[in-house]
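First the structure, in the form of structure tokens, and then the observations on it.
The values are calculated or read from the model by the stated rules, or taken from the named source; none is laboratory data. What you see is a predicted model; the values in this text were computed from it and never measured. Cβ sites come from the backbone with ideal geometry, for glycine too, and all protein chains shown count toward neighbours. Surface accessibility is based on the protein's heavy atoms, side chains included, excluding ligands, DNA and RNA. Shrake-Rupley method; radii C 1.70, N 1.55, O 1.52, S 1.80 Å.
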Amino acid sequence: MEVIYIAVISVTAMGIVCAAVLSIASRLMYVKTDERIAELQECLPGANCGACGFPGCSGYAAALLSKKAKTNLCSPGGEEVLEKISAILGVRIGHIERRAAIVRCLGGSGVQNKKADYRGVQSCEASGRLFGGEGACAFGCLGYGDCLKVCPSNAIFIENSIARIDARACTGCGLCVKACPKNLITVEKADLPVSLLCRNTEKGAVVRKKCRAGCISCGKCVRECPAQAIVIDNNLAIIDNEKCGVWQKTSDGCTICSEVCMTGCIGRNVNIIKTGNHEHT
């Protein structure tokens, strides 16, 4: 019986000692949490899209408190979220940079040649795994709308068998970027004057055989650009948006590259998709 009492007393004593140690440790190692972190997380949209450049809304909130991020990076939240963030942090309200997604492909039905008929699961991911899809261009949009299914703002629609994005409805969250198995979608400034709507890096002669709207790296846009903002890299025209933007401030809405493009793969602004002699706003 005495053995049981001794065991009980020993365990109790050990518990009291451990509790005391933990209590002291919690006081010594206590890190004060800024109450504003919860307020910031609550005002953010919760999309966890990464458009701000941080791992989710909680990561952005932490970066805001540590002053490692600007207050205007939440494109999906827009001006409303910017105002709330500024109020919580007690800083002056800035201006949010509108961003929108772009599908860099014009190879829809009748524009891109077909190499096969696909009869499987109606998704870009599944179609792409089977010989890269039914289109002749390995860089083209598959058109089954995996991006459309994840878009929270209903800004994506399928037209002529390829995805299109309404820049006016797009919040620039970037979820469609992650959903596209062809890496055809990028998120850019919504006020870009022109955009290259092709990702094919094959030689021009090869591109011509596959798609009438692909970049053939002819270099005409490079020669005609007054801002010297375009170069040919890996058989593809690359537009320097910074140089182009500076030139736009001194010119009256220059779109020369779009006008001289032989295949029409340079679109004017993200709201306009140019295919041959047709434009869709």
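Residues in segment 198-231 that are farther than 21 Å from GLY133 by Cα, in contact with a strand residue (DSSP E or B) (Cβ under 7 Å, 6 or more places away or on another chain) and open to solvent by 20 Å² or more (accessible area, probe 1.4 Å): 3 in all. When ALA167, ALA138 are screened for being open to solvent by less than 10 Å² (accessible area, probe 1.4 Å), among the small types (Gly, Ala, Ser), closer than 22 Å to LEU196 by Cβ and assigned to a loop (DSSP other than H, G, I, E, B), only ALA167 passes. Scanning segment 35-52 for residues that are open to solvent by 50 Å² or more (accessible area, probe 1.4 Å) and at negative phi yields GLU35, ARG36, ALA38, GLU39, GLN41, GLU42, PRO45.
In this structure, does CYS137 turn out to be under 21 Å from VAL177 (Cα atoms) and under 21 Å from the mean Cα position of the chain (by Cα)? Criteria not met by CYS137. The single residue among CYS221, CYS215 that is without any contact (Cβ under 8 Å) to a residue 60 or more places away in the chain and touching a Leu at 6+ places or on another chain (Cβ under 6 Å) turns out to be CYS215.
Here is a check on your reading of the model: is GLU97 part of a helix (DSSP H, G or I), of a type outside the set (S, T, N, Q) and surrounded by fewer than 15 Cβ atoms within 10 Å (Cβ to Cβ)? Against the criterion (part of a helix (DSSP H, G or I), of a type outside the set (S, T, N, Q) and surrounded by fewer than 15 Cβ atoms within 10 Å (Cβ to Cβ)), GLU97 does not qualify. Scanning segment 170-184 for residues that are part of a loop (DSSP other than H, G, I, E, B) and open to solvent by 40 Å² or more (accessible area, probe 1.4 Å) yields PRO181, LYS182, ASN183. A count restricted to segment 233-260 and to residues that are more than 20 Å from GLU188 (Cα to Cα) and open to solvent by 60 Å² or more (accessible area, probe 1.4 Å) stands at 4. Among the criteria (1) surrounded by 19 or more Cβ atoms within 10 Å (Cβ to Cβ); (2) outside any strand (DSSP E or B), the one VAL187 does not fulfil is (2).
Counting only residues that are outside any loop (DSSP other than H, G, I, E, B) and within 27 Å of LEU73 (Cα to Cα), segment 190-223 holds 3 of them. Among residues of segment 240-268 that are under 11 Å from GLU224 (Cα atoms), those with a Cβ under 6 angstrom from a residue that is of a type in the set (Lys, Arg) and not in a strand (DSSP E or B), sequence gap 6+ or separate chain, pair up as VAL260/LYS220. Of the residues VAL103, VAL81, the single one that is open to solvent by less than 40 Å² (accessible area, probe 1.4 Å), within 27 Å of SER153 (Cβ to Cβ) and without any contact (Cβ under 8 Å) to a residue 60 or more places away in the chain is VAL81.
Determine whether segment 120-128 contains at least one residue that is open to solvent by 40 Å² or more (accessible area, probe 1.4 Å) and out of contact with any Asp or Glu (no Cβ under 8 Å at 6 or more places or on another chain). Checked segment 120-128: at least one residue is open to solvent by 40 Å² or more (accessible area, probe 1.4 Å) and out of contact with any Asp or Glu (no Cβ under 8 Å at 6 or more places or on another chain).
Suppose we keep only residues that are outside any helix (DSSP H, G or I) and within 20 Å of GLU35 (Cβ to Cβ) within segment 75-94. Which one would you say is farthest from the chain's Cα centre (by Cα)?
Only one residue tops the list, namely GLY90.
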